[in-house]
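Here's the structure, in structure tokens; my notes come after.
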Amino acid sequence: MECIRIGIDLGGTKIEGIALSSAGSILDRRRVTTPAGDATATITAIRDLVAAIEANLGIPHGTRTPIGIATPGSLSPQSGLLRNSNSTCLNGKPLDRLLEATLDRPVRLANDANCFALSEARDGAGAGADTVFGVILGTGVGGGITIGGRIVSGRNGNTGEWGHNPLPWPTDDERPGALCYCGRYGCIETFLSGPGMARDHAERHGGPPLDAGTIFARSLAGEPAAAASVARYVGRLARSLATVINLLDPDVIVLGGGLSNVASLYTDVPAIWQRWIFSDVVSTRLAPPAHGDSSGVRGAAWLAGQEEPA
């Protein structure tokens, strides 16, 4: 029987499951609503979703196919418990072990941004590249790193959390920055997330609240205030990614999340980021995701098919 990889993307509002062939073709895909505030019900929903996928594909009961799980947050290397998940009912629980017991099979769990990076490195915008940095620009700002097609988790399981570094090379009017939910001021996330951009626009220009997508659309239409907000955003993203290039020097940076749909970022940001990059040449590509919103769950499926590192 063909090697089938099953991945689950555990989100705050929905749980998505996918089955991929060895060539990356989608064999089955389905979604269910995430049970609100109920860890036991969430684990049961994952079990039932996996069972439905396997039944649809004719996979014999008891096959014990490994499952990859993409989740917000990460497992603490010290305690083995989930931390920093926006599905707060799961925090403080050994999620991988609970799922392994419920599903009766091996479970490989990784942060959703790491799974996004793995998907794009495996057969997406970063296919064939050695080092890929996957960026999430949405309601939050996160990231994941793959080298040689494998996720780099790091000693503390914290690799890629660039959104909680301070905004680099801040101007006087950017200090100290807004308070981040992590308890610090001026984190990259407070500037580059969708809500962060909306807050910046409202503070600078007043008027009714506008979301980031509307601000970009109004900028394209020639509205001066929106264009100024977009220019600030582009500069901040360029500075922030310049520090990634200075430190990691990836072959490809792939943007994900809602703001990855803004086409102008892929030309405007590389046009200026060399100002802050410590190199005479910058050939790093900035690319949109090949798989869009499916990258997280696809990355979970690829994760399921990988051997554990030695």
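Screening the candidates Ala117, Ala101, Ala178 for the property of being over 30 Å from Thr63 (Cα atoms), at pLDDT 95 or above and among the small types (Gly, Ala, Ser) yields one hit, Ala178. Among residues of segment 259-310 being among the polar types (S, T, N, Q) and within 22 Å of the chain's Cα centre (by Cα), the one that is surrounded by the most Cβ atoms within 10 Å (Cβ to Cβ) is Ser295. For the subset of segment 218-227 comprising residues that are of a type in the set (A, V, I, L, M) and surrounded by 15 or more Cβ atoms within 10 Å (Cβ to Cβ), which member is farthest from Thr267 (Cα to Cα)? Among residues in segment 218-227 that are of a type in the set (A, V, I, L, M) and surrounded by 15 or more Cβ atoms within 10 Å (Cβ to Cβ), the one farthest from Thr267 (Cα to Cα) is Ala225. Restricting attention to segment 34-43, the residues that are at pLDDT below 95 and of a type in the set (Ser, Thr, Tyr) add up to 1.
Listed here are the strands (runs of 3 or more DSSP E) enclosed by segment 1-109 that have at least 2 residues being more than 24 Å from Ile136 (Cα to Cα): 26-33. Cβ separations smaller than 8 Å between residues 6+ apart or across chains give the following pairs from segment 11-32 residues that are under 17 Å from Val107 (Cα atoms) to residues that are assigned to a strand (DSSP E or B) and among the polar types (S, T, N, Q): Ile15/Thr33. Contact annotation: residue pairs with Cβ atoms under 8 Å, 6 or more positions apart or on different chains, pairing a residue in segment 299-310 that is modelled with pLDDT under 55 with a partner that is surrounded by 17 or more Cβ atoms within 10 Å (Cβ to Cβ) and not hydroxyl-bearing (Ser, Thr, Tyr), are Glu308/Arg108.
The values are calculated or read from the model by the stated rules, or taken from the named source; none is laboratory data. Keep in mind that this is a model prediction, so the values were computed, not measured. With ideal geometry, Cβ positions are generated from the backbone for all residues, glycine too; neighbour counts draw on all protein chains shown.
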